[in-house]
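Here is the structure we will look at, set down as C-alpha cells.
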Amino acid sequence: MILDRLENLERYFPLNAGFAAACDYLRRTDFTKMSPGKHEIDGERLYVMLNKGPGRGRDAVKLEAHQRYIDIQYTIEGPDEIGWRPLKACRQVDTPFDAQKDFGLYADRPEAWVAVPPGSFAIFFPDDAHAPMGAGTGCELLKAVMKVAVDWR
C-alpha cells in the first residue's frame, strides 16, 4: 500500500507501466461533471470507477481484494478512511474470490486505517486487502478508483 499526494504520482511510474496513463487521466479529468459508475479509458487495461456517496463508517466496510487490477484510490471530496490488512493475513472469507469479477470480500478487521484527504491517493496492490469508504456516515465522498491492469502491456 502507498499513500501520497497526486503531484507525487510520477515517482511510482516504475511500479507499473499503466500508472502514467492513470496519472494523466486523474490530472485532466473534472470528475465533478461525471456520473458515478464505470468509465472505460483504455479497454480492460485501464478504467475508472467513480464513487459518490456518504462514508459508511469503519464498522460497516469489509476488506476487499483483487488479483488482476491495482487500485489507485484518489479522493476528490472527502476525506476517506481506508482500512488495510495484508491479504495473506486474511482468514475469514465473507464472499469467495470471483475471478470473473476480480473481487473477494473478507470479514477480518483491518490492521490499520489511513486517512486519504482530497488531492491524495492510496495504491493497493493484489496483496493488499483494503476497506474503502470507511469515513463516518456524515462525510460525503467523491472518489475516482483507477483500475490498472497488473499485466499492463
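The values are calculated or read from the model by the stated rules, or taken from the named source; none is laboratory data. Treat the numbers as computed from the prediction; the structure is a model and nothing was measured. Virtual Cβ from ideal backbone geometry, glycine too; neighbours counted across all protein chains shown.
Here are a few things to note about the model shown:
- Ile82 vs. criteria crowded, with 21+ Cβ neighbours inside 10 Å, modelled with pLDDT of 95 or more and in contact with a Gly (Cβ under 8 Å, 6 or more places away or on another chain): yes
- One residue stands out in the stretch 12-54 among those that are of a type in the set (Lys, Arg) and in contact with a strand residue (DSSP E or B) (Cβ under 8 Å, 6 or more places away or on another chain): the one that is farthest from Pro132 (Cα to Cα), namely Arg45.
- Residue list for the stretch 90-108, filter: without any contact (Cβ under 8 Å) to a residue 40 or more places away in the chain and loosely packed, with under 13 Cβ neighbours inside 10 Å: Arg91, Gln92, Val93, Pro96, Asp98, Ala99, Gln100, Lys101
- Matching entry among Asn51, Asn16 (being crowded, with 17+ Cβ neighbours inside 10 Å, in contact with a helix residue (DSSP H, G or I) (Cβ under 9 Å, 6 or more places away or on another chain) and touching a residue at least 12 places away in the same chain (Cβ under 8 Å)): Asn16
- Strands (runs of 3 or more DSSP E) fully within the stretch 2-71 that include at least 2 residues being hydrophobic (A, V, I, L, M, F, W, C) and under 16 Å from the mean Cα position of the chain (by Cα): 2-5, 46-54, 63-65.
- Test: Glu7 is closer than 13 Å to Val148 by Cα and loosely packed, with under 12 Cβ neighbours inside 10 Å: no
- Some residue of the stretch 109-119 being of a type in the set (Gly, Ala, Ser), touching a helix residue (DSSP H, G or I) at 6+ places or on another chain (Cβ under 7 Å) and either farther than 23 Å from Asp151 by Cα or surrounded by fewer than 20 Cβ atoms within 10 Å (Cβ to Cβ) (or both): yes
- Filter result (surrounded by 14 or more Cβ atoms within 10 Å (Cβ to Cβ) and either farther than 22 Å from Glu77 by Cα or out of contact with any Leu (no Cβ under 9 Å at 6 or more places or on another chain) (or both)) within the stretch 22-41: Thr29, Ile41
- Qualifying residue in the stretch 4-20 (condition: under 26 Å from Lys101 (Cα atoms) and in contact with a Leu (Cβ under 6 Å, 6 or more places away or on another chain)): yes
- Filtered residues of the stretch 78-88 (kept if assigned to a helix (DSSP H, G or I) and either touching a residue at least 40 places away in the same chain (Cβ under 8 Å) or of a type in the set (Ser, Thr, Tyr) (or both)): Leu87
- For the residues Thr75, Thr95, the requirement of being within 20 Å of Glu7 (Cβ to Cβ), of a type in the set (Ser, Thr, Tyr), modelled with pLDDT of 95 or more and assigned to a strand (DSSP E or B) singles out Thr75.
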